[in-house]
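The values are calculated or read from the model by the stated rules, or taken from the named source; none is laboratory data. In this text, all values refer to a predicted model and were calculated from it rather than measured experimentally. With ideal geometry, Cβ positions are generated from the backbone for all residues, glycine too; neighbour counts draw on all protein chains shown. Each accessible area value is taken on the protein alone, full model and side chains, heavy atoms only, with ligands, DNA and RNA left out. Shrake-Rupley method; radii C 1.70, N 1.55, O 1.52, S 1.80 Å.
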Amino acid sequence: FVVFCICCGYMTTVFAQPGEIISRHYSMKDGLPDQGINCVIQDRKGFIWLGTFSGFCKFDGNRFTIFQNNPTSRNSLTNNRVNDMWEDKTGKLWLAHPQGIDVFDTETERFIFHWSDSSTQATVLRIRERKDGNLWLCTSNGVFVADTKTFDVKVYAPIPSEWWIWDIVESDNGSVVVAAAGRGGYYVD
């Protein structure tokens, strides 16, 4: 009995200890932009990307590199408010903002594509991947589909274009459900 109690006491000491959690607070003094963070992703190489109200940044575990709009440069973020980000299958980052989308090549750290729907001036709110590998763009003017290879962007006609679409999901059978601001859900078979 004494051996059993000693063993139980030892096992409690060894196995019942919670793992050590290490945390650190990062702020502007560490190099973060001066506005709030809207979205965070980790890319396939392990880098952390933060979309903020004042640009987006890459965190390599030690320091932040900030990318912001520069009106005199084509290799610049179109709008500093990054609403959402998506890494496509080739490792490029798609950035949603109030003037459309920008595509950022993480290898060269250059912008390779900018899209704005000039007829509607759609704010892109959310980016989701489609089953075919292309992207859904949820906007203030309905839903668009972006081809990740050709960068062709087209309206998805079954969803009313005057609706603000907050999010979208595609089911296994190909039907689509969207969350529409102030209008509830919308289903397309």
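Using a probe of 1.4 Å, the accessible surface attributed to D88 totals some 10 Å² when neighbouring protein chains are kept in position. Ordering Y156, Y186 by accessible surface, largest first, gives Y186, Y156; the 1.4 Å probe counts only protein heavy atoms, with every chain in place. The simple Förster model, with R0 at 25 Å and r as the Cβ-Cβ distance, assigns I112 and Q42 a FRET efficiency of 0.75. For the chain, the solvent-accessible area works out to 58 Å² per residue, with a probe of 1.4 Å and every protein chain left in place. Using θ = phi - 60° in the Karplus curve 6.51 cos²θ - 1.76 cosθ + 1.60, the 3J(HN,Hα) couplings for the stretch 99-113 round to 10, x, 9, 10, 10, 10, 8, 6, 5, 9, 6, 10, 7, 10, 7 Hz; x is entered for Gly and Pro. May I ask you to list the GluC sites (Glu not before Pro) in the stretch 87-125 that are in a DSSP loop and have at most 13 other Cβ atoms within 10 Å of their Cβ? Within the stretch 87-125, the qualifying GluC sites (Glu not before Pro) (loop, at most 13 other Cβ atoms within 10 Å) are E107, E109.
Peptide packing: for 55-66, 129-140, the average count of neighbouring Cβ atoms within 10 Å per residue gives the ranking 129-140, 55-66, highest mean first.
Peptides 174-182, 28-36, 120-128 ranked from most to least packed give 120-128, 174-182, 28-36, packing being the mean of other C-beta atoms within 10 angstrom over each peptide's residues. Subtracting the Cα-Cα distance of Y26 and S54 from their residue separation scaled by 0.36 nm leaves 8.5 nm.
Could you tell me the number of lysine pairs in the chain with C-alpha atoms less than 12 Å from each other, where the two lysines are 8 or more residues apart or belong to different chains?
Numbers: K45/K58; K45/K92; K89/K149; K92/K149.
Final tally of qualifying lysine pairs is 4.
Each principal axis of the Cα cloud of the stretch 29-132 was taken in turn, and the coordinate range along them, longest first, works out to 42, 33, 24 Å. Taking Cα pairs under 8 Å and at least six residues apart, what relative contact order does the chain come out at, in percent? For the chain, the relative contact order is 10 percent.
Using just its DSSP H runs of length 4 or more, each adding -39500 (n - 2.57), the chain gives a mean residue ellipticity at 222 nm of -2500 deg cm²/dmol after division by all residues. Shown in residue order for the stretch 118-128 are the 3J(HN,Hα) couplings computed by the Karplus curve 6.51 cos²θ - 1.76 cosθ + 1.60 at θ = phi - 60°: 4, 6, 10, 6, 6, 7, 8, 9, 8, 10, 9 Hz (x for Gly and Pro).
Amide H to amide H distances under 5 Å link T139 with L125, F144, I165, where only residues 5 or more positions off or on other chains count and H is placed in the peptide plane. Rolling a 1.4 Å probe over the protein heavy atoms of the chain, with every protein chain left in place, gives an accessible area that is 53 percent carbon and sulfur.
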